[in-house]
(Lines give C-alpha, C1' and ligand atoms only; values in the text may rest on other atoms or scores of the structure.)
Protein backbone atom coordinates (compact mmCIF):
# COMPACT_ATOMS: atom_id res chain seq x y z
CA UNK A 1 0.00 0.00 0.00
CA UNK A 2 1.13 3.51 -0.77
CA UNK A 3 1.50 6.14 1.97
CA UNK A 4 -1.06 8.42 0.31
CA UNK A 5 -4.68 8.08 1.52
CA UNK A 6 -7.61 8.70 -0.80
CA UNK A 7 -10.60 10.62 0.62
CA UNK A 8 -14.12 9.66 -0.43
CA UNK A 9 -16.74 12.23 0.54
CA UNK A 10 -19.67 10.44 -1.13
CA UNK A 11 -20.76 6.87 -1.83
CA UNK A 12 -20.28 7.54 -5.55
CA UNK A 13 -16.64 8.54 -5.07
CA UNK A 14 -15.96 5.42 -2.97
CA UNK A 15 -17.55 3.23 -5.64
CA UNK A 16 -15.45 4.90 -8.35
CA UNK A 17 -12.26 4.27 -6.35
CA UNK A 18 -13.18 0.59 -5.94
CA UNK A 19 -14.35 0.08 -9.53
CA UNK A 20 -11.08 1.57 -10.80
CA UNK A 21 -9.01 -0.68 -8.51
CA UNK A 22 -7.54 2.15 -6.44
CA UNK A 23 -8.43 0.29 -3.22
CA UNK A 24 -5.65 -2.18 -4.09
CA UNK A 25 -2.93 0.49 -4.00
CA UNK A 26 -4.18 3.14 -1.57
CA UNK A 27 -5.97 3.20 1.77
CA UNK A 28 -9.32 5.00 1.54
CA UNK A 29 -10.92 7.20 4.21
CA UNK A 30 -14.66 7.84 3.85
CA UNK A 31 -16.17 11.02 5.26
CA UNK A 32 -19.45 9.24 5.99
CA UNK A 33 -20.55 6.30 8.20
CA UNK A 34 -20.14 2.77 6.87
CA UNK A 35 -22.98 1.15 4.98
CA UNK A 36 -23.08 -2.67 4.82
CA UNK A 37 -24.95 -2.75 1.50
CA UNK A 38 -22.28 -0.57 -0.13
CA UNK A 39 -19.42 -2.69 1.24
CA UNK A 40 -21.05 -6.01 0.28
CA UNK A 41 -21.72 -4.76 -3.24
CA UNK A 42 -18.08 -5.20 -4.33
CA UNK A 43 -15.58 -8.06 -4.56
CA UNK A 44 -12.26 -7.54 -2.79
CA UNK A 45 -9.68 -10.00 -4.11
CA UNK A 46 -6.50 -8.36 -2.88
CA UNK A 47 -5.37 -6.27 0.05
CA UNK A 48 -7.43 -3.19 0.86
CA UNK A 49 -8.02 -0.77 3.73
CA UNK A 50 -11.21 1.28 3.86
CA UNK A 51 -12.02 3.30 6.98
CA UNK A 52 -15.20 5.24 7.70
CA UNK A 53 -15.72 8.32 9.86
CA UNK A 54 -17.68 6.30 12.43
CA UNK A 55 -14.55 4.26 13.19
CA UNK A 56 -15.55 1.17 11.21
CA UNK A 57 -12.61 -0.27 9.26
CA UNK A 58 -12.99 -2.75 6.38
CA UNK A 59 -9.59 -4.23 5.58
CA UNK A 60 -7.68 -7.26 4.46
CA UNK A 61 -3.91 -7.45 4.36
CA UNK A 62 -2.61 -10.17 2.06
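The values are calculated or read from the model by the stated rules, or taken from the named source; none is laboratory data. Keep in mind it's a predicted model, so treat the numbers as computed, not measured. A quick note on method: Cβ atoms are made from the backbone with ideal geometry, for glycine too, and the neighbour counts reach across all protein chains shown.
Checked against the criterion of being surrounded by fewer than 15 Cβ atoms within 10 Å (Cβ to Cβ), under 10 Å from the mean Cα position of the chain (by Cα) and part of a strand (DSSP E or B), the candidates 50, 7 yield just one match: 7.
Checked against (1) part of a loop (DSSP other than H, G, I, E, B); (2) within 15 Å of residue 5 (Cβ to Cβ), residue 59 passes all but condition (1).
Every test in (1) modelled with pLDDT of 90 or more; (2) part of a helix (DSSP H, G or I) is passed by residue 37 save one, and that test is (1). Residue 2 meets each of the listed conditions (1) surrounded by 11 or more Cβ atoms within 10 Å (Cβ to Cβ); (2) in contact (Cβ under 8 Å) with a residue 24 or more places away in the chain apart from (1). So which residues in the stretch 19-42 are exposed (fewer than 13 other Cβ atoms within 10 Å of the Cβ) and out of contact with any strand residue (DSSP E or B) (no Cβ under 8 Å at 6 or more places or on another chain)? Answer for the stretch 19-42, where residues must be exposed (fewer than 13 other Cβ atoms within 10 Å of the Cβ) and out of contact with any strand residue (DSSP E or B) (no Cβ under 8 Å at 6 or more places or on another chain): 19, 20, 21, 36, 37, 40, 41.
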